[in-house]
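> Handing you this structure, nothing more for now.
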Amino acid sequence: MVIGYSRLLQNISTGNTPNYYQQVNNIEVLHDGVHDWVGGDMSYVRMAPYDPLFYMHHTFIDYIWQQFRTRQSSSR
C-alpha cells in the first residue's frame, strides 16, 4: 500500500485506539511494517540495529516526523 506523502503528513499520529493496526496513516504502524517487510535482522528488536538499513529507515522516520511538526506549527 502506498500512501501519498502529503496525506501522511496530515494525520500522522492517530492515538491509542482499539484498532491501532488498522490506522494506515499512523507513523508507528508504517514504521513497524518496514521492519517486517525488510526481514532478516530488521525483524528482530535486539538485532535490528546491526542492519545498516535500520539507520536509514529511522532517519527517514525522523524526517517525516519533523515535517509533520513543521506543518503543525505553521498552521497555527
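The values are calculated or read from the model by the stated rules, or taken from the named source; none is laboratory data. Just so it is clear, the structure is predicted and the values come from calculations on it, not from any experiment. Positions of Cβ are backbone-derived with ideal geometry, glycine not excepted, and every protein chain shown enters the neighbour counts.
> If R46 satisfies every condition in (1) surrounded by 12 or more Cβ atoms within 10 Å (Cβ to Cβ); (2) modelled with pLDDT of 90 or more; (3) assigned to a loop (DSSP other than H, G, I, E, B) but one, which is the exception?
The single condition R46 does not satisfy is (1).
> Working only within the range 49-76, note down all residues that are of a type in the set (F, W, Y) and either surrounded by 12 or more Cβ atoms within 10 Å (Cβ to Cβ) or over 14 Å from the mean Cα position of the chain (by Cα) (or both).
Y50, F54, F60, W65, F68
> Of the conditions (1) modelled with pLDDT of 85 or more; (2) of a type in the set (F, W, Y); (3) more than 12 Å from the chain's Cα centre (by Cα), Y20 satisfies every one except a single condition; which number is it?
Evaluating Y20 over (1) modelled with pLDDT of 85 or more; (2) of a type in the set (F, W, Y); (3) more than 12 Å from the chain's Cα centre (by Cα) leaves (1) as the failure.
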